[in-house]
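S.K.: Before anything else, here's the structure in question.
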Amino acid sequence: MQFLLLIYENESIIANRDEQSQAQVIQAYAEYTKNIKDSGNYVGGDALEPVATATSVRIRGGERTITDGPFAETAEQLGGYYMVEAANLDEAIELAAGIPAAKTGCIEVRPVMVWN
Amino acid sequence: MRLTQRDLQLAEDAAAEAYALAIQRWPTEGVPARPGAWLTTVARNRILDRHRRERTARDKAPAVAQLAELSAQERSERDDPESAPAYPDERLALIFTCCHPALGTEAQVALTLRTLGGLSTVEIARAFLVPDATMAQRLVRAKKKIQRAGIPYAVPTPEQLPERLRGVLRVVYLIFNEGYRATSGDALLRRELCGEAIRLAAVTRRLLPDTPEVVGLWALLRLHHARRDTRVDAAGDLVLLEDQDRTRWHHGEIAEAAAALEAAMRLRAPGPYQLQAAIAALHATARAPEDTDWPQIVGLYTLLMRLEPSPIVRLNRAAAIAMARGPHFGLDAGLRELDAIEADGSLTRYHLLHAARADLLRRKGVLDGAAKAYARALELVSNAAERRYLERRLRALEN
């Protein structure tokens, strides 16, 4: 099965990191990504620019509205994702628990819908 | 649900194959001792073979089909719950699937009762005082989540086992408490819930032998349940432990649970269920209320506080301290503990804090203080049986 691991974190915490701890976080992600590539679980993954850069698009009654900001204001923001291959939810949970942000934010695990 | 259709077809094919094999073999090899179980095994193996052949990386876990199959089989075994399980590993896997933390607590409880306890949806709905449709929907949603989220149908890895086992034990404990609580509702059904919880604990105990906390939970439930005939009087009112007719306790069950608990505690891996069971055992094995080993109960509550610090445990400990140190010093020590708990603030709206204070003051002879505390408890109590009990106490004081 494929799972999308959505990484939610409080952006203000990220913004307030000093250079040294920022380097440690980047290092931790690099190691994590290498590990799940080596284990064959990795399908894809990216970090996202902060929600300040987000734009939301809606069409209502044929009318298109473009607004500044994310879909919803939340205490923690979507900051990145991994797409992984895992045998089942338990394996996906283990993979999610390995993401550095699990210690400070929250990882949402979502199975990818299979069309058959 | 697309997969159900497919799995149903698979199940029908497998059953047909099993019957074909039976017709071929039974005349020459003889009819097996449990023909039904034999057919289920063959059909199940066919399904598993098929799944194994078909399984690709994208294949979904066949948990839902197996849930249905196993629950049918569970029901047929229900009459003889103490018999060796036909498929121990699968039943164990099923318990962990039903109690997976990715399911909500209510869903875990309902699913466990439905598939392992073999209760009908209507019975579960009545037990939890929700409409049938609500419970049916809860079960459907839970099964869908198992299928779609890829909740595995497997015993957790050794690393995950302790954490996941805690979840299973919690579900069993919740089921028992639902039955044990003296709320309104169908008394027979409530007793049946307690019975189901004990049966589930017994099954888990057989599947994971020598796991101290599993034995602890089983013993705890058995010890509580052994007093089932004396907890409520003919009018449906609560009877306090010290007022219960101890000759009507089920002493055989108590002895059995106490012995199992002792063996488990010798493995030296204490846990909250073992400690609570040990406390229950001291109560259950005392011949009379005044024979209760209160000092040891205080010690056990102190250990429990260390493992699971909670204001409720502290409250129980305070009551035990009052009893342990005798009528003179004990009551004051107990009251001092209650003051400390109240100062802590978390239980000020908990009726049993005030009921405990009322009880100690009453024993001490401070009647107006006791009456005030009973009145405060009455303001906060919600359970009807407990309310009647407190009202009785208050009236007795006023006379």
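S.K.: Does A:Gly80 satisfy the criteria of being surrounded by 13 or more Cβ atoms within 10 Å (Cβ to Cβ) and away from every other protein chain (no Cβ under 14 Å)?
M.R.: yes
S.K.: Can you pull out the residues in the range A:11-45 that are polar (S, T, N, Q) and surrounded by fewer than 17 Cβ atoms within 10 Å (Cβ to Cβ)?
M.R.: A:Ser12, A:Asn16, A:Gln20, A:Ser21, A:Gln22, A:Gln24, A:Gln27, A:Thr33, A:Asn35, A:Ser39
S.K.: Additional query: Can you confirm whether the range B:216-229 contains a residue that is crowded, with 19+ Cβ neighbours inside 10 Å, within 14 Å of another protein chain (Cβ to nearest Cβ) and part of a helix (DSSP H, G or I)? Give the steps one after another, and end with the answer.
M.R.: Pass one, the range B:216-229, residues crowded, with 19+ Cβ neighbours inside 10 Å: B:216-227.
From what is left, the residues that are within 14 Å of another protein chain (Cβ to nearest Cβ) are none.
Taking every residue of the range B:216-229 in turn, none turns out to be crowded, with 19+ Cβ neighbours inside 10 Å, within 14 Å of another protein chain (Cβ to nearest Cβ) and part of a helix (DSSP H, G or I).
S.K.: Which ones in the range B:88-102 are crowded, with 18+ Cβ neighbours inside 10 Å and either free of Cβ contacts under 8 Å to residues at least 12 places away in the same chain or small (Gly, Ala, Ser) (or both)?
M.R.: B:Ala93, the sole residue that qualifies.
S.K.: A further question on this structure: Scan the range B:87-127 for residues that are more than 24 Å from B:Leu165 (Cβ to Cβ) and among the aromatic types (Phe, Trp, Tyr) and jot them down.
M.R.: none
S.K.: Right, next: With respect to the numbered conditions (1) more than 14 Å from chain B (Cβ to nearest Cβ); (2) among the polar types (S, T, N, Q); (3) under 17 Å from the mean Cα position of the chain (by Cα), which one is the sole condition not fulfilled by A:Asn41?
M.R.: Failing condition for A:Asn41: (1).
S.K.: Quick one: A:Ala28 ticks every box in (1) over 28 Å from B:Arg164 (Cα atoms); (2) part of a helix (DSSP H, G or I) bar one, so which box is it?
M.R.: Result: A:Ala28 fails condition (1) only.
S.K.: Restricting attention to the range A:93-113, and to residues there that are in contact (Cβ under 8 Å) with a residue 12 or more places away in the chain and out of contact with any helix residue (DSSP H, G or I) (no Cβ under 9 Å at 6 or more places or on another chain), which single residue is nearest to the other protein chains (Cβ to nearest Cβ)?
M.R.: Residue satisfying both the conditions and the ranking: A:Ile93.
S.K.: Give the range B:142-155 a look and list any residue that's out of contact with any Leu (no Cβ under 8 Å at 6 or more places or on another chain) and either facing chain A (nearest Cβ under 9 Å) or surrounded by 19 or more Cβ atoms within 10 Å (Cβ to Cβ) (or both), or say none.
M.R.: Across the range B:142-155, the qualifying residues are B:Arg148, B:Ala154.
S.K.: Across the range B:156-172, which residue is farthest from the other protein chains (Cβ to nearest Cβ) among those that are crowded, with 19+ Cβ neighbours inside 10 Å and over 11 Å from B:Phe96 (Cβ atoms)?
M.R.: Only one residue tops the list, namely B:Val172.
S.K.: Any residue that is modelled with pLDDT of 95 or more and within 14 Å of another protein chain (Cβ to nearest Cβ) - is there at least one of those in the range A:53-73?
M.R.: The answer is no, given that none of the residues of the range A:53-73 is modelled with pLDDT of 95 or more and within 14 Å of another protein chain (Cβ to nearest Cβ).
S.K.: For the range A:83-92, give me each residue that is over 14 Å from B:Ile151 (Cα atoms) and facing another protein chain (nearest Cβ under 8 Å).
M.R.: Listed by number, the list holds a single entry, A:Glu85.
S.K.: For the range B:320-347, how many residues meet the condition of being buried (at least 19 other Cβ atoms within 10 Å of the Cβ) and in a helix (DSSP H, G or I)?
M.R.: Of the residues in that region, 12 qualify.
S.K.: Also, I was wondering about something else. Checking B:Asp210 against (1) assigned to a helix (DSSP H, G or I); (2) more than 14 Å from chain A (Cβ to nearest Cβ); (3) charged (D, E, K, R): exactly one of these is not met. Which one?
M.R.: (1)
S.K.: Quick check: anything in the range B:177-190 assigned to a loop (DSSP other than H, G, I, E, B) and either hydrophobic (A, V, I, L, M, F, W, C) or crowded, with 20+ Cβ neighbours inside 10 Å (or both)?
M.R.: yes
S.K.: Is it the case that some residue within the range B:173-184 is modelled with pLDDT of 90 or more and under 14 Å from B:Cys98 (Cβ atoms)?
M.R.: yes
S.K.: Also, quick follow-up: Having 2 or more residues that are farther than 28 Å from B:Phe96 by Cα is the bar; report the strands (runs of 3 or more DSSP E) wholly within the range A:32-116 that clear it. I'd like the intermediate steps shown before the answer.
M.R.: Numbers: elements: A:42-47, A:55-60, A:63-68, A:77-85, A:106-111.
In the range A:32-116, the matching strands (runs of 3 or more DSSP E) lie at A:42-47, A:55-60, A:63-68, A:77-85.
S.K.: Can you tell me which residue among B:Gly299, B:Gly345 is among the small types (Gly, Ala, Ser) and at positive phi?
M.R.: B:Gly345
S.K.: Kindly provide the set of residues from the range A:1-51 that are touching a residue at least 12 places away in the same chain (Cβ under 8 Å) and among the β-branched types (Val, Ile, Thr), ordered by number.
M.R.: Passing the criteria: A:Ile7, A:Ile13, A:Ile14, A:Val25, A:Thr33, A:Ile36, A:Val43, A:Val51.
The values are calculated or read from the model by the stated rules, or taken from the named source; none is laboratory data. Note that the coordinates shown come from a computational prediction; the quantities given were computed from them, not determined experimentally. Backbone-built Cβ (ideal geometry, glycine too); neighbour counts: all protein chains shown.
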